Structures are given as C-alpha cells and as structure tokens.
Amino acid sequence: MDLAETLRRVLHASHRTRPEDLPELAMRVAPLLDADAVLLYLVDHQQRWLVPLTGTLPPARQPVSIAGTIPGRTFSTLADHQVPGPDGVSLWIPLLDGAERLGVLEVVGSGGYDEKRHDDLRVFATLMAELVVTRGLYGDTLELLRRRAPMQLPAELLRAQLPPLTFATERLVISGLLEPCYEVGGDAFDYAVNGDLAHLALFDAVGHGTQGGLRAAVLASIALAAYRNARRGALTLVETYHHIDRAVRSYDRSGMITAVLAELDQGTGRLRVISAGHPSGLVLRGGRVVRVLPTPTALPMTLGDLRPPRVIEEDLQPGDDVLLYTDGIIEARSPDGEPFGVDRLVDFAVRALADGLPAPETTRRLVHAILDYQNDQLADDATLLMARWLG
C-alpha cells in the first residue's frame, strides 16, 4: 500500500473533479490501497440512512439503515468495524470532516487490516471527507443524494445558512440538529469559536400570516445575519441582543423571535446566557440535571426596547453538557395528546448520555426520540444545540 502516492493522485485529480466524479476517483485509487473497492456513503438529512454515492463502476450498493447495522454502528460510535461481505472483507470507517459526521467509507478487500493499514485508511478517509465538503460546493449531486423528500422553500432558505452540525476543539464539543429538515419554519441555530470564547445561539421566529413558513424563515435569516454581524463586530452579549432586536424590528415590527444567546469561556467554564422569551436550557452533570437556566431574562426580539436584558452566569465543571432547545421539543405531543415535556426530555437526555456516545450521536438520538414520540409528525420545529465542556 502506497499511501503517499494515493494521496498525491487524489489531490492532483481533485482540482478538476465534480461531486459526481468522487466515486470513480475512489475506485481508481483502490488498488493503491490494496483494496478491491472503495465506496462512499453519505448520511441523509434526517440521519436515519447511509446512502451510497454510486458511480458507473461496480460493486452496486443500496442505502443502509443507521439503526441495527454495522455501517450504522460505525457512524454512531465513530469506531471502525471489519466484517465479511458479499465481495470480500469490508472495513467500515467513519467519514469525518473534523468532528462533523458525513457518512462512512467502505473498503473492500481480502482482509488483513493491521493497525498501520488501519491508520493509512483513516488518513485516506479524511481526505475523501474533505473532498465531499469542498466538491459539494460546486454542484447539487451530493445535496440531492442526502435528500429523501422534497425540500420546501423555507427549509431551502434556512438550512443553507446553518453551520456544520458538529464542531470540536480540545476543550469543547458543539452539536446541533434541526427537524423537520424538509419543512422547517423559523427555527435556526448558530455557533462560532473565537479564541477561548464559544458563541452559541438558538432562534425561533414566529411570523403572522405566513405561507409555508417563509416569513418565519426570512425573520430567522435576518436574526442569523444580525447575530453574526454583532459577533464579528466584537459586541458584548447584551449589545448583541439589542443589535438583533433592532435588525428584526426594522424589517418586521409585527414579527417576533424568541432566542437564547450564550457565551462559554473554554478556559474557565464560565457560561453566560440571555434567554429572550425562550425555553430554559439545562446543565447536565454526571447523569443528572444540576441546573435549569432561568427564563425569561429578556423579552422576545422586536420587544427589546421595552426592557433591558439580564445575563445569567453559570460555572461549569469538566464534562458538563449544556442543552439548549426550542419549544417544539417539549411541546411535541403523542398521538393521544400527551406533551413530551421537560421531564421526558431530561429522562431521554440522561439515558442517551449514560450510553457514553459521542455528542452528535446523543443529539441525534434525542431528536429521533421526540420524532418517534409523535410518529414523525412534528407540529412545530424542534431544534437542539448541545455544548459539552471538556475542561
């Protein structure tokens, strides 16, 4: 196996590679990896399926469920798995862009995946993940592959503005998820890490007289842009609240957005939060809730000129999870009308954390538990944003 030559060929070819060329590119370098085949699978937007990025070369593959499969376990746990398959021995490797889970890589060969070969294949998987991200900017093939239903216009507008679902540093992991992914209305989240300071935000826009949630999506888009503008202008948390409030009010005085704005110092664990008419966040430690963050500490946006916001501060301990959510999470109802509620959210969160899974998998399972609770028929957007401070 010549890893250096493999990477050289892939990088050289990548400069003129379309998204749809990636499967053939992977198959062409398979012999250099001592493999019979190399196949890419991307996770769908609901994170229930791993969908093969197929080209013109065999072998053929079908979508694989994340639940109850070896490829799904690889995606969920971020651990490699080696199993016999119809074409030889398959080694499944997570396809990661940093901490962002894009899917899995299948390497088919005769086996003999010792530790060095494992490491080399992980390096190759990392390069392919980077190409999935960068090539995906220049065409719609990869985006369409991840869709398993038509994307409505409000969702098209809003999802294009969201950051990657997961980001990690040595001291922090951030993970978010938004449902329903094809019909989202006014929910959005954002984050950024600048030096030691991590910025976190959730928005839930309400528009009156909307058609298909488009007005709410526009309001949330304005809030996102204003939040980033304030952040990049080095405004304080209170100044950021007022900046967003003025931006939304100047566009639509009758609209309204609830929000939670937070800053986390990675060096000290100090968390600072403004809750603008938004559901309260939770701090979980050692398998239990140790703090329910106060709410509201400010009025919803467009009403921010009526009362000054108040900043809540909390000192985290290493390993603490901060869970922020929109009201669609706790107001989800079962078929017989029983609300999901905060207590059930806490119970599901504690159980997911007890499994010791990566933060993005915890977030995924929490959102799917809420979807399952009401038979995948969300009455409102449901958004989670989790930050795990590692100390």
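The values are calculated or read from the model by the stated rules, or taken from the named source; none is laboratory data. Keep in mind that what you see is a predicted model, and the values were worked out from it rather than measured. Neighbour counts run over all protein chains shown; Cβ positions are idealised from the backbone, glycine included. With ligands, DNA and RNA removed, areas are computed over all heavy atoms of the protein, side chains included. Shrake-Rupley method; radii C 1.70, N 1.55, O 1.52, S 1.80 Å.
Residues of the stretch 1-22 being of a type in the set (Val, Ile, Thr) and either in a helix (DSSP H, G or I) or closer than 23 Å to His118 by Cα (or both), which ones? Step through it out loud before you land on a result.
Going through the stretch 1-22, the residues of a type in the set (Val, Ile, Thr) turn out to be 6, 10, 17.
Hits for the stretch 1-22 are Thr6, Val10.
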(Q) Name the residue that is most open to solvent (accessible area, probe 1.4 Å), counting only residues in the stretch 219-235 that are over 12 Å from Ala192 (Cβ atoms), among the aliphatic types (A, V, I, L, M) and in a helix (DSSP H, G or I). (A) Ala225
Q) In the set Arg333, Arg365, which member is within 21 Å of the chain's Cα centre (by Cα) and in contact (Cβ under 8 Å) with a residue 12 or more places away in the chain? A) Arg365
(Q) Among the residues that make up the stretch 246-254, is at least one of them open to solvent by 60 Å² or more (accessible area, probe 1.4 Å), modelled with pLDDT under 90 and either polar (S, T, N, Q) or under 21 Å from the mean Cα position of the chain (by Cα) (or both)? (A) yes
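Considering each of Pro180, Pro150, Pro154 in turn, give the residue that is surrounded by 21 or more Cβ atoms within 10 Å (Cβ to Cβ) and more than 20 Å from Ala259 (Cβ to Cβ). I'd like the intermediate steps shown before the answer.
Values: Pro150 fails: surrounded by 21 or more Cβ atoms within 10 Å (Cβ to Cβ); Pro154 fails: more than 20 Å from Ala259 (Cβ to Cβ).
Exactly one of Pro180, Pro150, Pro154 is surrounded by 21 or more Cβ atoms within 10 Å (Cβ to Cβ) and more than 20 Å from Ala259 (Cβ to Cβ), namely Pro180.
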Q. In the stretch 102-148, which residue that is among the β-branched types (Val, Ile, Thr) and either touching an Asp or Glu at 6+ places or on another chain (Cβ under 7 Å) or not in a helix (DSSP H, G or I) (or both) is nearest to Pro52 (Cα to Cα)?
A. Val104
Q: Return the only residue of Leu95, Leu127 being surrounded by 19 or more Cβ atoms within 10 Å (Cβ to Cβ) and under 21 Å from Val10 (Cα atoms).
A: Leu95
Q.
If Ile329 meets every condition in (1) open to solvent by 40 Å² or more (accessible area, probe 1.4 Å); (2) outside any strand (DSSP E or B) apart from one, which number is that one?
A. (1)
Q | Candidates Ala298, Ala387 - the one that is in contact (Cβ under 8 Å) with a residue 24 or more places away in the chain, under 23 Å from Glu100 (Cα atoms) and of a type in the set (Gly, Ala, Ser) | A | Ala387
**Q.** Options Ala155, Ala160, Ala192: the member that is more than 28 Å from Leu25 (Cα to Cα) and modelled with pLDDT under 95
**A.** Ala155
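Mind checking which residues of the stretch 29-83 are among the basic types (Lys, Arg) and either outside any loop (DSSP other than H, G, I, E, B) or touching an Asp or Glu at 6+ places or on another chain (Cβ under 6 Å) (or both)?
Going through the stretch 29-83, the residues among the basic types (Lys, Arg) turn out to be 48, 61, 73.
Within the stretch 29-83, Arg73 is the sole residue that qualifies.
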Q: Given the conditions (1) modelled with pLDDT of 95 or more; (2) outside any loop (DSSP other than H, G, I, E, B); (3) more than 16 Å from Leu353 (Cα to Cα), report the number of the one that Val322 does not fulfil.
A: (3)
